[in-house]
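Below is one structure. I have some questions about it.
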Amino acid sequence: MNLSTERLLLRRFEEADLSDALEYLSDPEVMKYIEPAFDRQKAKKFIRTCGLEKDPLVYALVHKGDNKVLGHVIFHEFNHPDEFELGWVIGKKYWGQGLATEIGRKIIDYGFGVLNLNIIVAQTQLSNVRSIRALESLGMKRNPDYNENLPVWSILTED
């Protein structure tokens, strides 16, 4: 999956992306709602096991202005083939610029238009206000049908 917006390029990870990825993955503030910050070895393993697989779980998010991997996007099957999970991790330097919403819109259009998905979901902690704002700006709503420890937002094809 290669997608492009005015400012962003979404593509598969490459081994050469490790330094850029480590920059955001090693930041405790960036990783606050996900898991403890990564060291180099864990970042390398993450890229290999999640980003370089035949069907990746994550994709590199590149800023066209400086050609830097600024984060990654999660986009993969969730519970069944017509339901995918969307998520993102973006380096602190790029926060507050609307990039999650920009790439999120492109992915939702791709998911419903090209992949013919019925539902796209996202998970985040209730204290992650920035992500919740971005999800809601994408038209996603808190989904009470999921009874999980981590709250789920969703958007359906007819939304």
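The values are calculated or read from the model by the stated rules, or taken from the named source; none is laboratory data. The shown structure was predicted, so the numbers you read here are calculated from the model rather than taken from an experiment. All Cβ positions, even for glycine, are placed from backbone atoms using ideal geometry, and neighbour counts span all protein chains on display.
In region 92-140, which residues are touching a Phe, Trp or Tyr at 6+ places or on another chain (Cβ under 6 Å) and closer than 22 Å to Glu23 by Cα?
Ala100, Asn128
OK, next. When both residues are 6+ apart or on different chains and their Cβ atoms are under 7 Å apart, which pairs have a first residue that lies in region 74-98 and is under 24 Å from Ser26 (Cβ atoms), and a second that is part of a strand (DSSP E or B) and among the hydroxyl-bearing types (Ser, Thr, Tyr)?
Within 7 Å, the pairs are Phe75/Tyr59.
Out of region 99-114, which residues are without any contact (Cβ under 8 Å) to a residue 40 or more places away in the chain and buried (at least 19 other Cβ atoms within 10 Å of the Cβ)?
Selection gives Ala100, Gly104, Gly111.
Could you please let me know if Lys54 is exposed (fewer than 14 other Cβ atoms within 10 Å of the Cβ) and in contact (Cβ under 8 Å) with a residue 60 or more places away in the chain?
The answer is no for Lys54.
Considering Leu126, Leu61, which residue is out of contact with any Asp or Glu (no Cβ under 9 Å at 6 or more places or on another chain) and loosely packed, with under 13 Cβ neighbours inside 10 Å?
Exactly one residue qualifies, and that residue is Leu126.
Oh, and also: Can you find, within region 127-140, the residue that is nearest to Ala100 (Cα to Cα) among those that are touching a residue at least 60 places away in the same chain (Cβ under 8 Å) and assigned to a loop (DSSP other than H, G, I, E, B)?
By that ranking, first place goes to Asn128.
Could you list, in sequence order, the residues of region 64-73 that are in a loop (DSSP other than H, G, I, E, B) and touching a residue at least 12 places away in the same chain (Cβ under 8 Å)? Spell out the reasoning first.
Here is the first cut: in region 64-73, the ones in a loop (DSSP other than H, G, I, E, B) are 64-67.
Lys64, Gly65, listed by residue number.
The rows are residues; the columns are (1) of a type in the set (D, E, K, R); (2) over 30 Å from Gly113 (Cα atoms); (3) part of a strand (DSSP E or B).
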{"position": "Ala16", "(1), (2), (3)": "no, yes, no"}
{"position": "Ala21", "(1), (2), (3)": "no, no, no"}
{"position": "Asp27", "(1), (2), (3)": "yes, yes, no"}
{"position": "Lys32", "(1), (2), (3)": "yes, yes, no"}
{"position": "Phe38", "(1), (2), (3)": "no, yes, no"}
{"position": "Arg48", "(1), (2), (3)": "yes, no, no"}
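Here's another thing I want to ask about it. Give the number of residues within region 28-41 that are surrounded by 15 or more Cβ atoms within 10 Å (Cβ to Cβ) and either more than 16 Å from the chain's Cα centre (by Cα) or of a type in the set (S, T, N, Q) (or both).
The total comes to 2.
Can you find even one residue in region 141-149 that is surrounded by 14 or more Cβ atoms within 10 Å (Cβ to Cβ), under 24 Å from Leu22 (Cα atoms) and in contact (Cβ under 8 Å) with a residue 12 or more places away in the chain?
No, there is no match, as no residue in region 141-149 is surrounded by 14 or more Cβ atoms within 10 Å (Cβ to Cβ), under 24 Å from Leu22 (Cα atoms) and in contact (Cβ under 8 Å) with a residue 12 or more places away in the chain.
Determine whether Glu85 is within 17 Å of Ala122 (Cα to Cα), under 13 Å from the mean Cα position of the chain (by Cα) and either in a helix (DSSP H, G or I) or modelled with pLDDT under 95 (or both).
no
For region 141-159, give me each residue that is under 23 Å from Trp95 (Cβ atoms) and either among the charged types (D, E, K, R) or outside any strand (DSSP E or B) (or both).
Of everything in region 141-159, those that are under 23 Å from Trp95 (Cβ atoms) and either among the charged types (D, E, K, R) or outside any strand (DSSP E or B) (or both) turn out to be Arg142, Leu150, Pro151.
Among the numbered criteria (1) buried (at least 20 other Cβ atoms within 10 Å of the Cβ); (2) under 24 Å from Ser26 (Cα atoms), which single criterion is violated by Leu117?
(2)
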